[in-house]
Amino acid sequence: MLEAISLTKTYPPRMGLSMPWRRPAPVVAVRAASLCVAPGEVLGIIGQSGSGKSTLGRMLVGLEKPSSGRIMIGGEDVADLLRRDRMAFYRRIQMVFQDPYGSINPQHGVFETVTRPLLYQRERDTKVLQARAKDALERVGLRPAARYLETHPHRLSGGQRQRLCIARAMILEPRYLVADEPISMLDVSIKWDIIRLLKRLVTEEGLALIYITHDLATVRSLCHRVMIMRAGEIVEEGPVDAVLDAPRHEYTRALIAACPSGVPEVAA
Ligand SMILES: Nc1ncnc2c1ncn2[C@@H]1O[C@H](COP(=O)(O)OP(=O)(O)OP(=O)(O)O)[C@@H](O)[C@H]1O
Ligand SMILES: [Mg+2]
């Protein structure tokens, strides 16, 4: 289980020139956020831009250090685990980002891209790297893997690039995945393919997924539970249908009213 207990992240104040006599306040990006997610479960996080979703996600995967609070992964304190064995931590949790163009090094081919996490784990056996790369690509639907292994990411479409990013995240067989708006830069025609892929990884491989998005239709189709964030705080949390159909908080109602939520048939 992945558990966050009262996470807060504060950034130093932005220094403005307009009123230099005023001491600017620090930015509280996330305030006392708690959550938990278990294997085979999908937790959605929604909230308007700047509400702290990505900051929370980055803290969960160790890219950002919480100002206060604790994260536990499989019963271990993440701060201790990071100090003791950073590589073991990254074998448990990985992240997929919004931009499948910006998150791939343009100098790397598909093989180098997908095997990068294994190289960080000091795997040097070419046979092992080849086999794991092939397996990871096939699991995300890049088949036949041999064809993709020879090519360069710039030849891939946006959807194929995002699959490659998911393969790279999954190559270490993590139990937890944070996906931060993984479909928001993709064409609508392929976003459901990516959602179906994520769903399969959850149901067939028992992955625990934290899915950050603005897209309510995909939340309904993919998530078991959902959390609503506003200005760094979690204002509402519960089973996905309960929260979306009968929101308790005024902010959730406004958010739902502002988001497209029709679920097309292809989502089934
Ligand atoms: N490195 C940083 N330094 C200073 N402030 C930051 C930093 N990263 C984020 N913030 C601030 O923290 C707040 C939350 O940002 P965050 O990116 O987590 O929001 P978000 O919910 O992911 O938004 P979006 O939906 O646009 O991606 C914002 O006010 C943002 O300006
Ligand atoms: Mg964000």
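The values are calculated or read from the model by the stated rules, or taken from the named source; none is laboratory data. Just so it is clear, the model here is predicted, and its values are computed rather than measured. Ideal geometry is used to build each Cβ from the backbone, glycine not excepted, and the neighbour counts take in all protein chains shown. Accessible surface is based on the protein model in full, side chains and every heavy atom, while ligands, DNA and RNA are left aside. Shrake-Rupley method; radii C 1.70, N 1.55, O 1.52, S 1.80 Å.
The table for this structure:
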item	result
Amide H contacts under 5 Å for I45, placed H, 5+ residues apart	Y211, I212, T213, M227
Gain upon complete extension [E204, E138; 0.36 nm per residue less C-alpha separation]	22.3 nm
DSSP-defined beta bridges in the chain - what % are antiparallel, rounded to 5	55 percent
Hz values of 3J(HN,Hα) by residue in region 164-180 - Karplus curve (6.51, -1.76, 1.60), Gly and Pro given as x	4, 5, 5, 4, 4, 5, 8, 5, 8, 6, x, 8, 10, 9, 9, 10, 9
Rounded FRET efficiency, nearest 0.05, which uses the C-beta distance separating H224 from A88 and R0 of 22 Å	0.20
Average Cα contact separation per residue, region 90-234, under 8 Å, 6 or more apart, as relative contact order %	31 percent
Karplus 3J(HN,Hα) series, Hz, for region 25-33 with 6.51 cos²θ - 1.76 cosθ + 1.60 (x for Gly, Pro)	7, x, 8, 9, 6, 9, 10, 6, 8
Cross-link reach list, lysines versus K199, counting only Cα pairs under 19 Å and skipping chain neighbours closer than eight places	K191
Which of C165, A246, L216, positive extreme of dipole for region 134-268 (C-beta unit charges)	C165
Cα centroid separation, region 103-143 to region 218-253 (Å)	36 Å
Accessible area of D135 in the full protein assembly, 1.4 Å probe (Å², nearest 10)	70 Å²
Under the Karplus curve 6.51 cos²θ - 1.76 cosθ + 1.60, θ = phi - 60°, whole-Hz ³J(HN,Hα) for region 108-119, x wherever Gly or Pro sits	9, x, 4, 4, 5, 5, 6, 8, 3, x, 5, 5
By average C-beta atoms within 10 angstrom, highest first, the peptides 234-245, 50-61	50-61, 234-245
Calculated FRET value between A146 and D80, using beta carbons and R₀ = 35 Å, to 0.05	0.25
Per residue, in Å², the accessible surface of region 1-148 once ligands and nucleic acids are set aside, probe 1.4 Å	55 Å²
Inter-label distance, nm, simple model (7 Å from Cα along the C-beta direction), A231/Q130	5.9 nm
Charge dipole (debye, nearest 20) of the chain; +1 at Cβ of Lys and Arg, -1 at Cβ of Asp and Glu	760 debye
Excluding exposed DSSP-loop chymotrypsin sites (Phe, Trp or Tyr not before Pro) (at most 16 other C-beta within 10 Å), longest clean stretch of the chain	102-268
Zone of R155's modelled label, taken as backbone nitrogen in region 110-136 under 13 Å from a point 7 Å along Cα→Cβ	110-111
The chain - percent of accessible surface contributed by carbon and sulfur, probe 1.4 Å	52 percent
E3 paired with C259, simple spin-label distance in nm, labels 7 Å along Cα-to-beta-carbon	2.7 nm
The chain, relative contact order in percent, only Cα pairs under 8 angstrom and at least six apart counted	26 percent
Förster radius 51 Å - calculated FRET efficiency between R14 and S189 (Cβ-Cβ, nearest 0.05)	0.80
